[in-house]
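Shown next, in structure tokens, is the structure this report addresses.
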Amino acid sequence: MNNYLSIFWQETQGYFNWFVGQITFSTSDGLWGNYFYFLLIISAVFFGLELIKPWRSDQPRFRKDFWLDAFYMFFNFFLFSLVAFAGLSQVGVELLSELLEWFGITNLVAIEVGNLPGWLQLVILFVVKDFVEWLVHRLLHWSPRLWEFHKVHHSVKQMGFAAHLRYHWMENIIYKSLEYIPLALIGFSLTDFFMVHMIAIAIGHWNHANFNVDLGPFKYIFNNPAMHIWHHAKHLPEDRRYGVNFGISLSIWDYIFGTNYIPMDGRDIEIGFPDDERFPDNFIDQNLNGFKPSSQHTN
């Protein structure tokens, strides 16, 4: 037990030092590899696009819950890891390693990609990671228990870039836990993960932004606001009650597996979920809500 506490504390301290180093540029990352300033820059870019060319021109510039979502962005991206997740995740990795060693498995890597061209490694990581996240996203809608956590993300009533990272902290644990083994089976460098993660963050910001451009035929490959708005639709047909358009970065999975749904231009549709007027409107109560008994699944 003391060993796990030591791992937790060391990893938490390490994350704190890394976080301070990101802000002060005292780490070796510089600007490239800097999560903190990348998030600021990409958020500023999409906020500017929302101001210059809003998709919904009658939506306030500082939409409903803008500052709440801004706090969610930094909480889920940094503060939650600082408070608990960095340490807990490393403890989990240690426990899994010990369990695998008990079965005689000392190396999880099953597919070596190190000899492939760098660009191909990035493509493989991007596609595999996105598909796993698409599966997890479907699970969040299908499971009544997990849906109670996911409701936080769907409680957004006016869409904007920062809504991308409004989600319950349990989703960090769910996604990272279910992603770990399939991604660990493939050997990638930390630089690869940074690049792919930043691309996904940029696409996710755009999917939620009050800004849209026509992708033409590329809409069948990449997720986009015109498609993702229907994922947040408050009212869906009964045969789609578990949700639609689950794509994170790529829309192709929805077209392949038949979960795509764009019946018309959804720019001005009502978003949310049935009875969302009773859902808490503040950070603390929203994050406590998921631990209450689950209600009937309606989205």
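All of the numbers you see were taken from the coordinates with simple rules; none came from a lab. Keep in mind it's a predicted model, so treat the numbers as computed, not measured. Neighbour counts are summed over all protein chains in view; Cβ atoms, including those assigned to glycine, are modelled from backbone coordinates with ideal geometry.
Things worth noting here:
- Label zone (Arg267, point 7 Å along Cα-to-C-beta; backbone nitrogen cut-off 11 Å) within segment 205-222: 211-213.
- Long pairs among Lys53/Lys292; Lys219/Lys292; Lys64/Lys292, criterion Cα-Cα beyond 30 Å: Lys53/Lys292; Lys219/Lys292
- Neighbourhood net charge (10 Å Cβ-Cβ; Lys/Arg +1, Asp/Glu -1) for Ala200: -1
- Put a dot 7 Å past the Cα of Phe71, heading toward its Cβ, do the same for Phe257, and the two dots end up 3.4 nm apart.
- Within straight-line cross-link reach of Lys176, lysines at Cα separation under 16 Å, skipping those fewer than 8 residues along the same chain: Lys129
- Gain upon complete extension [Asp275, Phe25; 0.36 nm per residue less C-alpha separation]: 85.4 nm
- Taken along the Cα-to-beta-carbon direction at a fixed 7 Å, the label points for Phe80 and Phe218 span 3.0 nm.
- Modelled label positions at Ile181 and Trp119, each set 7 Å beyond Cα in the direction of Cβ, lie 3.5 nm from each other.
- Loop GluC sites (Glu not before Pro), segment 206-299, which have at most 13 other Cβ atoms in a 10 Å radius of their Cβ (DSSP): Glu270
- Full-extension gain in nm, Val127 to Lys53, via 0.36 nm per residue minus C-alpha separation: 23.6 nm
- Each semi-axis of the equivalent ellipsoid for segment 198-261 is √(5λ) with λ an eigenvalue of the Cα gyration tensor; in descending order they amount to 19, 13, 11 Å.
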